[in-house]
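Everything on this sheet refers to the single structure shown next.
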Amino acid sequence: RNNWGLDWVRLPVGSHQVCFGPAPAATAPPCQTVDVTDGAVTTVTGSYAAQGYLRVVTSPALPSSIRVDGRVTNAYGMWTPKGPGTYRVCFGAVLGYTTPACQSAVVTAGTTTTVTGTFVPRGYLRVTTSPAVASQISVDGVPRNNWGLWTDLPTGSHQVCFGAVAGYTPPPCETVVLAPGTTTD
């Protein structure tokens, strides 16, 4: 009947449901059923619960999907009111970057909690043999394919090894260092 405060209403005797509308940055209390009796004043009070804000960003700014408690909430960046509590924030994969681990965010009433998903650029590795012969190629002990390789990997040091090929002596394993956003042969 009004936006806030006190509202005197003459109602017939009996049960009535009183509901509270939305308020900025707060969660409305549940509806209440009250009994109105003849000749008495019935008072109904609603207590609003203050909300907090959850802000989720990526660094660098990338178009990653964002999930809060398993629900996709936005396809890049987010700022939303949330009730106090702990939320699990996860990020979707972005080509050429290592996806950050999921994080827990604790939202408290009246504050803003910021979660930053830091995406680390990956490096690119191109492996070939000379002469071009089918060989098992392993990176960090993991077989990748049976000849030639082009893939993105976390930056830093990696060991590349070549399998045996009939009629050839395999070259020794090599350590390569991948830099962000660059291709290493």
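The values are calculated or read from the model by the stated rules, or taken from the named source; none is laboratory data. From a predicted model like this one, the values you see are computed outputs, not experimental measurements. Cβ: placed from backbone, ideal geometry, glycine included. Neighbour counts: every protein chain shown. For the accessible areas, the whole protein counts, side chains as well, though only heavy atoms, and no ligand, DNA or RNA atoms are used. Shrake-Rupley method; radii C 1.70, N 1.55, O 1.52, S 1.80 Å.
Some notes on this structure:
- Each DSSP beta bridge with both residues in region 1-130 is either parallel or antiparallel, and the antiparallel ones are about 80%.
- Shape analysis of region 13-94 yields a ratio of the Cα radius of gyration to the Kirkwood radius, Rg/Rh, of 1.26.
- Neighbourhood charge, 14 Å Cβ-Cβ cut-off, centred on HIS158 and excluding it, Lys, Arg +1 and Asp, Glu -1: -1
- Across the chain, the longest run free of exposed loop sites, meaning trypsin sites (Lys or Arg not before Pro) lying outside DSSP classes H, G, I, E and B with no more than 14 other Cβ atoms within 10 Å, spans 11-185.
- Separation of region 46-95 and region 108-185, taken as the distance between their Cα centroids, equals 32 angstrom.
- Summary value for the chain: 15 percent relative contact order, contacts being C-alpha pairs under 8 angstrom separated by 6+ residues.
- Efficiency of FRET between TRP8 and THR114 - r from beta-carbon atoms, R0 45 angstrom, step 0.05: 0.50
- Heavy-atom accessible area ranking, 1.4 Å probe, most first, across SER138, SER104, SER64: SER104, SER138, SER64
- Calculated mean projected area of the Cα convex hull in nm² (choose from (i) 15.8; (ii) 16.4; (iii) 11.0), label: (i)
- One chain, two ends: LEU95 and SER15. Fully extended at 0.36 nm per residue, the span grows by 22.8 nm beyond their Cα-Cα distance.
- For GLN51, the residues whose amide H sits under 5 Å from its own are ALA26, THR27, GLY110, ignoring neighbours fewer than 5 places away on the same chain, with H placed 1.01 Å from N.
- Full extension of the segment from ASP69 to VAL142, taken as 0.36 nm per residue of separation minus the current Cα-Cα distance, would add 23.0 nm.
- With all pairs of separate Cα atoms included, region 78-185 yields a Kirkwood hydrodynamic radius of 16.9 Å.
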